[in-house]
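Just below is one structure, and these are the notes that go with it.
The values are calculated or read from the model by the stated rules, or taken from the named source; none is laboratory data. Quantities reported herein were computed from a predicted structural model and do not represent experimental measurements. In this analysis, Cβ positions are derived from the backbone assuming ideal geometry, glycine residues included, and neighbour counts consider all displayed protein chains. For the accessible areas, the whole protein counts, side chains as well, though only heavy atoms, and no ligand, DNA or RNA atoms are used. Shrake-Rupley method; radii C 1.70, N 1.55, O 1.52, S 1.80 Å.
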2 protein chains.
Amino acid sequence: MVVLTAAEQPTTSTSTIDTISPVNEALHIRRRPTINATTSTTEVQKSAGLSSSPSEMAPSCPRTGRRRRRVMLVGTGAAAILFVIAFFGFPTAVSPRAIAAESRRASSTAAFDLNRGTNNNKMANGDSQYQVVERGSLFTLDYRVFIKGPNGFVSPWHDIPLFVDEAKKIYNMVVEIPRWTNAKMEMATKEPLTPIKQDEKKGVPRFVHNIFPHRGYIWNYGALPQTWEDPSHKDVNTNANGDNDPIDVIEIGSAVQPRGAVVPVKILGTLALLDEGETDWKLVAISTADPLADKVNNIADVEANFPGLLKATEEWFRIYKIPAGKPVNEIAFNGEFKDADFAHNIIAETHEFWKALIKEDKPKLNTETHVEGAAHPAKDDAWNKAVEATPALGEPKAAPAENDKWHFIKLP
Amino acid sequence: MVVLTAAEQPTTSTSTIDTISPVNEALHIRRRPTINATTSTTEVQKSAGLSSSPSEMAPSCPRTGRRRRRVMLVGTGAAAILFVIAFFGFPTAVSPRAIAAESRRASSTAAFDLNRGTNNNKMANGDSQYQVVERGSLFTLDYRVFIKGPNGFVSPWHDIPLFVDEAKKIYNMVVEIPRWTNAKMEMATKEPLTPIKQDEKKGVPRFVHNIFPHRGYIWNYGALPQTWEDPSHKDVNTNANGDNDPIDVIEIGSAVQPRGAVVPVKILGTLALLDEGETDWKLVAISTADPLADKVNNIADVEANFPGLLKATEEWFRIYKIPAGKPVNEIAFNGEFKDADFAHNIIAETHEFWKALIKEDKPKLNTETHVEGAAHPAKDDAWNKAVEATPALGEPKAAPAENDKWHFIKLP
């Protein structure tokens, strides 16, 4: 039997900028100094080397060693150049304004291509209180997606509340992998701020293969914050231990959700993948903003509204590692999806494991968080410095040609 | 019975820059003045408003009315700015060199995303003698892809030879729609140069819907040059008339082929779609450069090497118009694919229809071509002017949100 604790207390905070929910009666919100959100954002951007100057908003400006000197000289240099321009007009070949404008427009177009480029801070859930801060270069091991709330950086694993509305069973989902993309992104559970980074195999960024008829991941894939699949816990259903990660979610709605999006979802059911011997729950969810969200309340509603998707999902998880030379994955319960109630119980259980984890004195994962009562409170200054110490956002590395290939696999 | 003519004469031209093959004994190559290919290209670029200046290579530079004046002043203005820079260094916020470099790099990344952006002149078949020249803005009715050979612009429909190697039955395919994209592109059969443009419905650029489990077109889609499905001809197999277009091809190889690519293919078979009552052959082909090309010689080899693809193909064509409110399409021969020999005969027949078409005095389609003996010889000066008269390459318009949506259709 799955051991479950009592339901969570509803959030008691009334502050609109307070993004941290209480974990339980022993873990209250640690209120952070209330500062103007805009000012705070700007300051952190500056300290993180992220400029707020419009002409530097292009997401792919690598910083050079000359930057500091250039900033000091910007006033004088710009005035002199403006003087020249006033007399001669912008020469085409070096028109900085025109090219800067190009650069921004090109970026905003490229931004939509999540299989090739960066998020460019575009969020599908545009009204979210969370922003993404991308660092490093996409498709390299340096790439990180940090998440910022109104008061500064947060850990997407520990600081984003599990529940949007506990009574209505609406959860937050952190999107790691947009639909139709191949890069295997996940929260870095051992790093401060637990940013999203690309998984690696043998020192190389990992991509999933396209298996006909699918292209990359066939849902928006991510995890529920404030959950943990405890590797010391053997699941009574699967007889296998947890995989040491937050619990995985596939979001089946129409919209392609960008990396780092924090999306309120309804939970519809779950599959129990036995991925190389570990229990790896794959919750099935739909964004509450999806046009079909009201119609879909349980796993049976999925087949009615998305015919073929559950079968494709089960098949996808069985075979997705075959082109990489791995065997077919097993799925517990003969591949059957469990319903929403079962899934809610699994989530509650992994939420309890997480609560215990963040109280551990010497956890093997990074549990720094703003959640009150945690053993390792987040230090904002150290976090800002940690972000600043990462490479600035650079050009995406070219995606491997393999991303354009289809693998054809005939299952027996 | 399909009426077939004798096999074509092999190409007699030995000139490596002569891209036009003879059509039959009455239609010889009209040799064009041999000019240096590089010079020719540059001149046409200039006359078409396409700059060859490195800092303007970004594909998305809209031209402004101030351009002419800027060009005249570039020497003086640049010298003055260089003077300022020598003394003060580049200020960060307006560093033109850095931003121009950004812009080019961003473009070369974005270029790979054919579902969102432009080709950026990148061709999958990099050693092809053909180049694409994009004009207008992607996803608008202005968008055009012109094709250039070593001697200047060509009509992809009329001037590119049907055969790469007639004895080996290797054909040229003109790619109109890259795999996994949604924009319905096709050769504009009524326009001079028959460039590729986006099909329109009721004045709006047309996109196909994503039907689960597929994203956009599931092959590289295009047409064979120098073929025509004569609408006055009732096919004896399908009892339906031709659709007035060059014959369609789906290319099933691994690589995603960009719009306008000219790809040598092997023909493997064909489906006979009855699209809204018209005979619409869909040839199945594979690029001769594909790693599997040697293994795949006939339609039976497709199922062996690409299991599930033919079934998916048939289903795709049956249902692809349903989200647009159209009925299920019919397929002749009970949905059965015909083999390579059958397909070769159909191609030969449509090649004959095309030969007759380009000899017509008053055709309803544009048949201007460099092919000798055609009723309407191409005039290079007029073609260059026609290209120049089209809008310069601009920013892609945002793709419709619908492109990110999956439609789920349950067939009875």
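Quick notes on this one:
- Flagged links, alpha-carbon separation over 20 Å, of A:K184/B:K311; A:K168/A:K295; B:K148/B:K362; A:K282/B:K405; B:K234/B:K326: A:K184/B:K311; B:K148/B:K362; A:K282/B:K405; B:K234/B:K326
- Summed over the residues of the range B:119-410 and divided among them, the accessible surface reaches 35 Å² per residue at a probe radius of 1.4 Å.
- Percentage relative contact order, the range A:119-410, counting C-alpha pairs under 8 Å, at least six apart: 22
- Tensor-based shape of the range A:365-412 (alpha-carbon gyration tensor, a/c under 1.5 rounded, otherwise prolate or oblate): oblate
- Projecting 7 Å from Cα along the Cα-to-Cβ direction, the label point of B:K169 sits 6.0 nm from its equivalents in the other copies, listed shortest first.
- Among the trypsin sites (Lys or Arg not before Pro) within the range B:340-384, those in coil by DSSP and having at most 11 neighbouring Cβ atoms inside 10 Å are B:K364.
- Here the spin labels are modelled as points 7 Å beyond Cα on the Cα-Cβ line, and at B:K311 and A:F408 they lie 1.3 nm apart.
- Share of carbon and sulfur in the accessible heavy-atom surface of the range A:278-324 [1.4 Å probe, %]: 49
- Straight-line cross-link partners of A:K364 among the aspartates and glutamates, defined as a Cα under 16 Å from its Cα and at least 8 positions apart when in the same chain: A:E191, A:E229, A:D230, A:D243, A:D245.
- Loss of accessible area when A meets B, both sides summed, Å² nearest 100, probe 1.4 Å: 5700
- Interface residues, the range B:303-330 - accessible area loss of 50 Å² or more versus chain alone, probe 1.4 Å: B:P307
- Computed from the C-beta positions of A:N297 and B:V204, the FRET efficiency with R₀ = 35 Å rounds to 0.45.
- Where chymotrypsin sites (Phe, Trp or Tyr not before Pro) fall in DSSP loop in the range A:194-241, at most 13 other Cβ within 10 Å: none
- For B:L141, label point 7 Å along C-beta direction: distances to other copies, nm: 5.4
- For A:D301, the label point sits 7 Å beyond Cα toward Cβ; its separations from the matching points on the remaining copies run 5.0 nm, from shortest to longest.
- Within the straight-line cut-off of under 12 Å between alpha carbons, the aspartates and glutamates reachable from A:K197 are A:E134, A:D142, A:E176, A:E186, sequence neighbours fewer than 8 places apart in one chain being disregarded.
- Taking GluC sites (Glu not before Pro) across the range A:240-287, the ones in a DSSP loop with at most 15 further Cβ atoms lying within 10 angstrom of their Cβ are A:E276.
- Under the criterion of Cα pairs below 8 Å and six or more residues apart, the relative contact order for the range B:260-412 equals 19 percent.
- Kirkwood Rh and Cα Rg combined as Rg/Rh, the range B:145-262: 0.98
- Of the Cα atoms belonging to the range A:119-410, the radius of gyration and Dmax stand at 18.1, 54 Å.
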